[in-house]
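**Q** I'd like to ask some things about the structure below.
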Amino acid sequence: MMSGRLTEQEAAKRIRQFEKEYELFKLQVDGVSAWRLLRFWVSMQLIIRPEGGKPASGGKARLLRGLRELPRYFFPKRARFLIDTSSSLRIEKDGELYKDVFFDDLILSLGGCFKLERINSEAFHVLNKQALVKSDLTATPLELLTGLLNRIMPARSEIDAAARQLSASIQRCLGLVISSEKISRELHYFYWSRRVYRGLLKRVRPQAVLISNTNEFAMLAAARDLGVRSYELQHGIFSRHHPDALPAEAKMYKDTLLVPDKVLLFGEYWCDELAVNGFYEDELLPVGSLRMDRYRRERKAKPAGGPTQVVFTTQGLVVPQVAAFLRDFMAMVGDAGLDVALTVKLHPVYDPSPEPYRQALGPDKRVRILQGREMPSTFTLLSQADLHLSIASACHYDALGLGVPSVVLPLSGYTVVENLLQSGHAAAAYTPQELLDLLSTVGSQSVPLSVQEWYFKSGALENIQRALNLSQE
């Protein structure tokens, strides 16, 4: 298979040309656009991306977990809301307990919630034992049931036919060799997963489902089947070029596409960004971020004095090049006699090992390297920072939302946040010397409140409650 090599924007352009030429959204399986189910997965084969960390455990441990939790699938508690979250969102501490930064505050506010956890990181899943809000169920038993049905039930001829058509079209237009057998497995997995999730929803009986990723298609399909409203809370960068951001050409097939009833976005910027595509109508709502509201309050209490605090957030992109850049930058800082402290915060999934950074930066007392699950959390670091650095991270926007100036290192993959450079909301540092020059402006630079609010609307809790039609209850 061809390795990832395009920027997100370049890949989006190729994918949309492909869709127009082959009218891909027309092809259906189980009443759903087959291409919609594959679009993100195929797009990611084209895009420059990090290698990723260790996957969730498999084999015996996963089987035992699934069997242990099966009774909770068949006999779950009933709840007004079903929250569909991921292990890697449990990345902060509240006292001695670990907190899901997207949902726990909301769960505590709403009450009556059923929390389903998708295990995308074992390192964060084990923290469920010390969680502020423990999961009621992991997705493991649902995955095992789906896998079992996929094995024992006969293949569906319409799915196999669609898979052959898509495989041939993908290879002919995109140059990607993805076998029809692999595509058929993906589509059959969705077919049975939809029914397994529908079984869970029938038992929990929620009024609404809240998710943090658009491509939780089985959950969205099950919710639609049962007339349960679905809400997506924005997670990370959701731009016009994102593989899950649908184009105007898909609009005529909307009844066969799996789109949340409402997409709850961080701010007006994201609504404007997605509206450009011409697909979305009244689905987009700016509500803000509970996490951002909390850390804006902490930012106001930042103590004065001390060294200039620089925070670099990693993504697993061009790690040796990044480590060398930071090494050279800190050497220049020392030569200039500046008082600077650098914190390198590793991505919780894509950058599991601190060793490349430790080897490059050495035993420098001015530098600390923190793994994804280590405290302080990324937002705690940003709330105390004077300057933020990264290549193409959602943390660029987080920093701006907190009022922290952000710098883009224009290395491989940076074009995802190129709009920040074009708008002047972030600066670029092509060399360590340029970064050193920018450091001298830190004290005189500030992020306007209008910019902070554009990316992250204030009052998230009230805004989300209003979106869920709870403001009058």
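**Q** Can you pull out every residue in region 408-419 that is modelled with pLDDT of 95 or more and in contact with a His (Cβ under 7 Å, 6 or more places away or on another chain)?
**A** V408
Residue-by-condition table, conditions (1) within 24 Å of F456 (Cα to Cα); (2) outside the structural domain of L6 (by TED's automatic domain parsing); (3) not hydrophobic (A, V, I, L, M, F, W, C):
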{"site": "G199", "(1), (2), (3)": "no, no, yes"}
{"site": "Q207", "(1), (2), (3)": "no, no, yes"}
{"site": "A223", "(1), (2), (3)": "no, no, no"}
{"site": "Y231", "(1), (2), (3)": "yes, no, yes"}
{"site": "S239", "(1), (2), (3)": "yes, no, yes"}
{"site": "A250", "(1), (2), (3)": "no, no, no"}
{"site": "E283", "(1), (2), (3)": "yes, no, yes"}
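**Q** Oh, and also: Considering region 375-404 alone, what residues qualify as being surrounded by 20 or more Cβ atoms within 10 Å (Cβ to Cβ) and assigned to a loop (DSSP other than H, G, I, E, B)? Even if it seems obvious, please write down each step before you answer.
**A** Residues of region 375-404 surrounded by 20 or more Cβ atoms within 10 Å (Cβ to Cβ): 377-379, 381-385, 387-393, 395-402, 404.
Scanning region 375-404 gives S377, Q384, A385, I391, A392, S393, V404.
**Q** So which of L64, L82 is closer than 18 Å to V196 by Cβ and among the aliphatic types (A, V, I, L, M)? Working first, answer last.
**A** Working: L64 fails: closer than 18 Å to V196 by Cβ.
Matching residue, one of L64, L82: L82.
**Q** Which is in contact with a Gly (Cβ under 8 Å, 6 or more places away or on another chain) and either crowded, with 21+ Cβ neighbours inside 10 Å or outside the structural domain of R80 (by TED's automatic domain parsing) (or both), of V447, V408?
**A** V447
**Q** Specify the residue that is nearest to P141 (Cα to Cα); the eligible residues are those in region 70-86 that are assigned to a loop (DSSP other than H, G, I, E, B) and in contact with a Cys (Cβ under 9 Å, 6 or more places away or on another chain). Write out each step before concluding.
**A** As a first pass, look at region 70-86 and keep what is assigned to a loop (DSSP other than H, G, I, E, B): 75-80.
Right, trim to in contact with a Cys (Cβ under 9 Å, 6 or more places away or on another chain) and you get 79-80.
On the way: A79: 19, R80: 22 Å.
Here the residue is A79.
**Q** So is E216 acidic (D, E) and either in contact with a strand residue (DSSP E or B) (Cβ under 7 Å, 6 or more places away or on another chain) or over 17 Å from V42 (Cβ atoms) (or both) or not? Reasoning before the result, please.
**A** Details: acidic (D, E): yes; either in contact with a strand residue (DSSP E or B) (Cβ under 7 Å, 6 or more places away or on another chain) or over 17 Å from V42 (Cβ atoms) (or both): yes.
Criteria met by E216.
**Q** Of S383, S390, which residue is of a type in the set (S, T, N, Q), out of contact with any Ser or Thr (no Cβ under 8 Å at 6 or more places or on another chain) and at pLDDT 90 or above? Talk me through it step by step, then tell me what you get.
**A** Details: S390 fails: out of contact with any Ser or Thr (no Cβ under 8 Å at 6 or more places or on another chain).
Just one listed residue meets the conditions, S383.
**Q** Could you tell me whether L326 is closer than 30 Å to L461 by Cβ and either in contact (Cβ under 8 Å) with a residue 24 or more places away in the chain or surrounded by fewer than 22 Cβ atoms within 10 Å (Cβ to Cβ) (or both)?
**A** Details: closer than 30 Å to L461 by Cβ: no; either in contact (Cβ under 8 Å) with a residue 24 or more places away in the chain or surrounded by fewer than 22 Cβ atoms within 10 Å (Cβ to Cβ) (or both): yes.
Answer is no for this residue.
**Q** Hey, could you check region 164-203 for residues that are of a type outside the set (S, T, Y), in contact with a Ser or Thr (Cβ under 7 Å, 6 or more places away or on another chain) and in a helix (DSSP H, G or I) and say which is farthest from S43 (Cα to Cα)? Before the answer, list the steps.
**A** Pass one, region 164-203, residues of a type outside the set (S, T, Y): 164-166, 168, 170-178, 181-183, 185-188, 190, 192, 194-196, 198-203.
Still in the running and in contact with a Ser or Thr (Cβ under 7 Å, 6 or more places away or on another chain): 164, 178, 183, 192, 196.
After this cut, where a residue has to be in a helix (DSSP H, G or I) as well, the list is 164, 183, 192, 196.
Values: R164: 18, I183: 14, W192: 24, V196: 27 Å.
Looking at the filtered set, the residue picked out is V196.
**Q** Among the acidic types (D, E), in contact (Cβ under 8 Å) with a residue 60 or more places away in the chain, under 24 Å from I107 (Cα atoms) and surrounded by fewer than 19 Cβ atoms within 10 Å (Cβ to Cβ) - does that describe any residue in region 251-266? Don't jump to the end; show me each part of the working.
**A** Step one: of region 251-266, the residues among the acidic types (D, E) are 255, 261.
Right, trim to in contact (Cβ under 8 Å) with a residue 60 or more places away in the chain and you get none.
No, region 251-266 contains no residue that is among the acidic types (D, E), in contact (Cβ under 8 Å) with a residue 60 or more places away in the chain, under 24 Å from I107 (Cα atoms) and surrounded by fewer than 19 Cβ atoms within 10 Å (Cβ to Cβ).
**Q** May I ask you to verify whether R229 is closer than 24 Å to L89 by Cβ and of a type in the set (K, R)? It would help to see each step written out before you state the result.
**A** Values: closer than 24 Å to L89 by Cβ: yes; of a type in the set (K, R): yes.
Considered against the rule, which asks whether it is closer than 24 Å to L89 by Cβ and of a type in the set (K, R), R229 comes out as yes.
To keep it simple, each residue is scored yes or no on (1) of a type outside the set (D, E, K, R); (2) surrounded by fewer than 19 Cβ atoms within 10 Å (Cβ to Cβ).
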site	(1), (2)
Y280	yes, yes
V287	yes, no
M292	yes, no
E298	no, yes
T314	yes, no
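**Q** Kindly evaluate F312 against the criterion of being out of contact with any strand residue (DSSP E or B) (no Cβ under 7 Å at 6 or more places or on another chain), outside the structural domain of D100 (by TED's automatic domain parsing) and under 23 Å from L420 (Cα atoms).
**A** The answer is no for F312.
**Q** Let me ask something else. Scanning for something crowded, with 22+ Cβ neighbours inside 10 Å, within 30 Å of G95 (Cβ to Cβ) and either in contact (Cβ under 8 Å) with a residue 24 or more places away in the chain or assigned by TED's automatic domain parsing to the domain that holds K99 (or both), does region 411-425 turn up at least one residue?
**A** No, that holds for no residue.
**Q** OK, next. Out of all the residues in region 87-114, which are part of a strand (DSSP E or B), out of contact with any strand residue (DSSP E or B) (no Cβ under 7 Å at 6 or more places or on another chain) and surrounded by fewer than 21 Cβ atoms within 10 Å (Cβ to Cβ)? Before you say what the answer is, go through the steps one by one.
**A** Here is the first cut: in region 87-114, the residues part of a strand (DSSP E or B) are 90-94, 97-100, 113-114.
Still in the running and out of contact with any strand residue (DSSP E or B) (no Cβ under 7 Å at 6 or more places or on another chain): 91, 94.
D94, the sole residue that qualifies.
**Q** Within region 144-158, is even one residue modelled with pLDDT of 95 or more, among the polar types (S, T, N, Q) and in contact with a helix residue (DSSP H, G or I) (Cβ under 6 Å, 6 or more places away or on another chain)?
**A** Yes, that holds for at least one residue.
**Q** Six or more apart or on different chains, Cβ atoms under 6 Å: show the pairs whose first residue is in region 111-132 and not assigned by TED's automatic domain parsing to the domain that holds P348 and of a type in the set (D, E) and whose second is modelled with pLDDT of 90 or more and surrounded by fewer than 23 Cβ atoms within 10 Å (Cβ to Cβ).
**A** Listed pairs, sorted by first residue: E117/S135.
The values are calculated or read from the model by the stated rules, or taken from the named source; none is laboratory data. Please read these numbers as outputs of a predicted model, since none were measured by experiment. All Cβ positions, glycine included, derive from the backbone under ideal geometry; neighbour counts span all protein chains shown.
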